[in-house]
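Reading through the structure tokens given below for one structure.
The values are calculated or read from the model by the stated rules, or taken from the named source; none is laboratory data. In this text, all values refer to a predicted model and were calculated from it rather than measured experimentally. Neighbour counts are summed over all protein chains in view; Cβ atoms, including those assigned to glycine, are modelled from backbone coordinates with ideal geometry. Only protein heavy atoms, including side chains, enter the accessible area calculation; ligands, DNA and RNA are left aside. Shrake-Rupley method; radii C 1.70, N 1.55, O 1.52, S 1.80 Å.
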Amino acid sequence: MPAVSKGDGMRGLAVFISDIRNCKSKEAEIKRINKELANIRSKFKGDKALDGYSKKKYVCKLLFIFLLGHDIDFGHMEAVNLLSSNRYTEKQIGYLFISVLVNSNSELIRLINNAIKNDLASRNPTFMGLALHCIANVGSREMAEAFAGEIPKILVAGDTMDSVKQSAALCLLRLYRTSPDFVPMGDWTSRVVHLLNDQHLGVVTAATSLITTLAQKNPEEFKTSVSLAVSRLSRIVTSASTDLQDYTYYFVPAPWLSVKLLRLLQCYPPPEDAAVRGRLTECLETILNKAQEPPKSKKVQHSNAKNAVLFEAISLIIHHDSEPNLLVRACNQLGQFLQHRETNLRYLALESMCTLASSEFSHEAVKTHIETVINALKTERDVSVRQRAVDLLYAMCDRSNAQQIVAEMLNYLETADYSIREEIVLKVAILAEKYAVDYTWYVDTILNLIRIAGDYVSEEVWYRVIQIVINRDDVQGYAAKTVFEALQAPACHENLVKVGGYILGEFGNLIAGDPRSSPLIQFNLLHSKFHLCSVPTRALLLSTYIKFVNLFPEIKTTIQDVLRSDSQLKNADVELQQRAVEYLRLSTIASTDILATVLEEMPPFPERESSILAKLKKKKGPGTVTDLEEIKKERNSDVNGGTESTAVNASTVSTPSPSADLLGLGAAPLTSSAPPPSSTGSLLVDVFSDSASVVAPLAPGSEDNFASPDLASSEVVSEEPADTVHDADELIHKFVCKNNGVLFENQLLQIGLKSEFRQNLGRMFIFYGNKTSTQFLNFTPTLIFNFFLLNNLSRLNLQTKPVDPTVDGGAQVQQVVNIECISDFMEAPILNIQFRYGGTFQNISVKLPITLNKFFQPTEMASQDFFQRWKQLSNPQQEMQNIFKAKHPMDTEITKAKIIGFGSALLEEVDPNPANFVGAGIIHTKTTQIGCLLRLEPNLQAQMYRLTLRTSKETVSQRLCELLSEQF
């Protein structure tokens, strides 16, 4: 680096900074800054030409003022002039100012690019380094377009110095992350791979970072990097700490490069070449051996560097999953960390062992540490470590240890942190069902689960219990007896009352022979809980009572008295009142045969995948321990008499809603002798049915605990394009009268929108937020036109700019969509997002809320003009009318806001009826303009609306009427 001359101390800058620091108030600081800005401005505008030193000093002062939080609106040209200086310090300050203060839209960008090109062509390594750093710091698409083709040439040129190669590799990496479409793959890709053999380890480290990112997107082009990475890793691992002195960190040779090489190898399967594979195995064995050696230093930096390489090596071993010896050794090494005094190491060991538990080679080795993991569950102070212990117990569970693990989880549940109780409940329910050889144990476990943590037992859990009990004849009598005994406790959780009511209503006759559980005692026991329960549970109990009328005719009069009581027939809740009236009437007029037919025992449920597992996957997110179940093929177990897959694809299994798919069984028809719905029997069938017509008795008004009612909640996890679009119509309607908001959100990703429209043009900003701490890789949003738009491509023109394929944890990236409405259209385009999270492919599709009304321009009209135009549009094809029930409170101000938000002008004092709303506007397209008049007539008494739309085009009237009707 050039020597700094004596004059480069910039005493004037030091004095100015000292003055600022000595200011005793904000006002004094602003006054001093304004004085300095005036002085600098006068110097820049003065007739006397400034020398390089003065320019540098004043530019530095401007930069310092900007960093203090003040706007700088001049001095940019002087900074650009500094770039042409041959003095290092002046050029450095110029580049620094540009990197911080010049945006990509600046008029000076062409001058800046020319200066950068001159420095890159100068072959002066110092100047080249400054230019490359500036390109990387700015990192704009304009920079990528200008230099992405030039930098690879510098990187692979034979006469480029090592320091410049490092900067070039990292600069290219930065440009590829921001604008991958401007970085062309070409001849340089094969040459950049050979940088892994470079003698300078700094170049190798930078090149490895670049190749890893490129290989994730283009694995075939960089396949040759595997053998070179193995060779370089072998040389590092087998070297002594003195061999790589400049890159040895606390006696660990090149730990950062080792980690990067191991991550690069995780982009590919195990090497096919036997020699390369053998060499890689030797490297991994050496790393595991070094972990057993006594530490060469007691400092924490030594152990951190050593363990970083070790954990990355274990990740590669798990990724390959092909060497039994290495997998077992990795498991044993992690087992030693389980009792380490360092909390972070215990956490990482538990997390890695969760993944190891899914391998057929290491599952048994993981199980040997069960006592240590159970002890961690009991003694760990850190809740995150305890949660990883729960995950590991879940992952290592099989038939041989299921009862022990479930028992330990239940014991821990009593004192577990509230934040993880629901997750533990789901896991206990899944394990109890999956590995239940004796279903009496399963029933005992679930009832115990409800007793210990009833508030955290979701409806999916007790739905599943009922499904299994109904499907297995051998457990029905035991279940009835057990729930009867459990209900005798003075305080029972409401979920236990639900399970008890359902099971006794179906199978209470199996225990009625015992005097201690006679029909009257069963009824009195359930009715004693009735007044303490919520409305949905009371509704279920009323259904149980009518079932008792069929099972136990001897207590029919007692039940009728209860149904006839004023508290039922005159209940304030309409659902309870209706059930009481209908059940009482049914029990009075129906013959014994009709009762037996209508109220017969529930038929077996069709075998489907467990909705509990779907809920756990949804709560934990993809790529977690629940996804590892997919790999445990040899441990798939018999559940309810059949082989059940242990993983649930979220695109085929949805979370049950209150009104459909109560047990996660889909809409499969019941194969029973139950009669078709009739005037009296349909409600009774619905009460205990899983069909889509269920009102609420088994799903008492609850909502999915993991889904916001306003946001799409399920994920599509598939290697194929998503074939479901999240809550498509609901999302479109949500954005009809507004332009900004959250379009989609799940555990991983949040998509926000901000859009603006003018005449037939629009611009939409889409913000993708990574809600996790893990990178999204290969992040690719794509706009897809459905069948309608495919046949009418000329109707809507969309132009998008690509986004960075890597989205860091907690980061947000933005995509701009330019929109042009060519002609009127009906359907909205679909936004498809594909990315990899934690090794799992994610595929999400949502409709973009680009609707016809967005191209509305409001038009003010007088009353006479409005009705004159209204009469002109009297052709039946030009009018669309809809009479509908109000979905929201009929508030005048809200209605006005929605009409204005819809895009039309709200015309005051035009309609003779002041309660009505009228609007006018013009739909602008590139080919034509379509006038539109609307009239909304509210009927407060009937809670109804009549909406009339008249336009010069039938399809426009129809579409606008559909969109606006959904807003009220």
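Looking at the stretch 812-905, the GluC sites (Glu not before Pro) that sit in a DSSP loop and have at most 16 other Cβ atoms within 10 Å of their own Cβ are Glu860.
Starting from the Cα gyration tensor of the stretch 738-881, take the square roots of the eigenvalues, sort them a ≥ b ≥ c, and report rounded, prolate or oblate (rounded when a/c is under 1.5, otherwise prolate if a/b is larger than b/c, else oblate). Taking the square roots of the gyration eigenvalues as a ≥ b ≥ c, the stretch 738-881 is prolate. Taking amide H as placed 1.01 Å from N in the peptide plane, Leu83 has no amide H partner under 5 Å among residues 5 or more places away or on another chain.
Across every direction, the projection of the convex hull enclosing the Cα atoms of the stretch 435-568 has a mean area of 8.0 nm². Across the accessible surface of the stretch 291-442, with the other protein chains kept in place and a 1.4 Å probe, carbon and sulfur atoms take up 47 percent. Taking all protein chains into account, the per residue accessible area for the stretch 178-310 stands at 48 Å² (1.4 Å probe).
Annotation: per residue accessible area for the stretch 730-882 equals 44 Å², rounded to a whole number [probe 1.4 Å, protein chains only].
By the gyration tensor of its Cα atoms, with a ≥ b ≥ c the square roots of the eigenvalues, what is the shape of the stretch 18-143: rounded for a/c under 1.5, prolate for a/b over b/c, or oblate? Cα axes put the stretch 18-143 in the prolate bin.
Restricting the trypsin sites (Lys or Arg not before Pro) of the stretch 352-457 to loop positions (DSSP other than H, G, I, E, B) with no more than 15 neighbouring Cβ atoms within 10 Å leaves Arg381, Arg399. With every protein chain in place and a 1.4 angstrom probe, the accessible-area ranking of Asp474, Asp246, Asp162, Asp51, largest first, reads Asp246, Asp474, Asp51, Asp162. Cross-link reach is defined here as a Cα-Cα straight distance under 21 Å, omitting same-chain residues fewer than 8 places apart; for Lys26 the lysines meeting it are Lys35, Lys61. Using the Cα gyration tensor of the stretch 239-360, with a ≥ b ≥ c the square roots of its eigenvalues, what is the shape: rounded (a/c below 1.5), prolate (a/b larger than b/c) or oblate (neither)? Verdict is oblate for the stretch 239-360.
Here the Karplus curve 6.51 cos²θ - 1.76 cosθ + 1.60, taken at θ = phi - 60°, turns the phi angles of the stretch 164-181 into couplings of 6, 4, 4, 5, 5, 5, 6, 5, 5, 4, 4, 5, 5, 5, 8, 9, x, 6 Hz, with x standing for Gly and Pro. In this structure the stretch 330-478 gives 36 Å² per residue of accessible area when probed at 1.4 Å with all protein chains present.
Shown for the stretch 887-926: the carbon plus sulfur share of the solvent-accessible area, taken with all protein chains present and a 1.4 angstrom probe, equals 56%.
What do you get for Rg/Rh of the stretch 140-267 when both radii come from the Cα atoms and Rh is the Kirkwood radius? With Rh from the inverse mean 1/r over Cα pairs, Rg/Rh is 0.98. Placing unit charges on the Cβ atoms of the charged side chains and taking the dipole of the stretch 907-953 about its Cα centre, the candidate lying farthest along the positive direction among Leu949, His924, Pro912 is His924. The alpha-carbon atoms of the stretch 94-147 define a convex hull whose volume equals 66 cubic angstrom per residue.
Note on the stretch 508-563: Cα Rg divided by 2.2 N^0.38 Å, N the number of residues, gives 1.08.
Scanning residues 5 or more positions from Phe744 or on other chains, those with amide H under 5 Å from its amide H are Ile751, with H placed 1.01 Å from N in the peptide plane.
Split the accessible area of the stretch 493-575 by element, probe 1.4 Å, and carbon with sulfur accounts for 58%.
Once R0 is set to 30 Å, what does the formula 1/(1 + (r/R0)^6) return for the Cβ-Cβ distance between Thr928 and Asp865, expressed as a FRET efficiency to the nearest 0.05? With a Förster radius of 30 Å, E is 0.90. The trypsin sites (Lys or Arg not before Pro) of the stretch 553-590 meeting both criteria, a DSSP state outside H, G, I, E and B (loop) and at most 15 other C-beta atoms within 10 angstrom of the site's C-beta, are Lys570. Couplings 3J(HN,Hα) of the stretch 494-499, computed from phi: 4, 4, 5, 5, 4, 4 Hz, in residue order, whole Hz [Karplus 6.51 cos²θ - 1.76 cosθ + 1.60, θ = phi - 60°; x for Gly and Pro]. The number of Lys pairs in the stretch 235-378 with C-alpha atoms less than 26 Å apart, excluding pairs fewer than 8 positions apart on the same chain, is 12. Pairs of alpha carbons in the stretch 827-915 separated by more than 19 Å make up 66% of all such pairs.
Once backbone amide H atoms are built at 1.01 Å from N, Met944 has Ala886, Asn939 as its partners under 5 Å, excluding neighbours fewer than 5 places away on the same chain. Across the stretch 197-205, computed HN-Hα scalar couplings (Karplus, 6.51 cos²θ - 1.76 cosθ + 1.60, θ = phi - 60°) run 9, 4, 6, 8, 5, x, 5, 4, 4 Hz from first to last residue, x flagging Gly and Pro.
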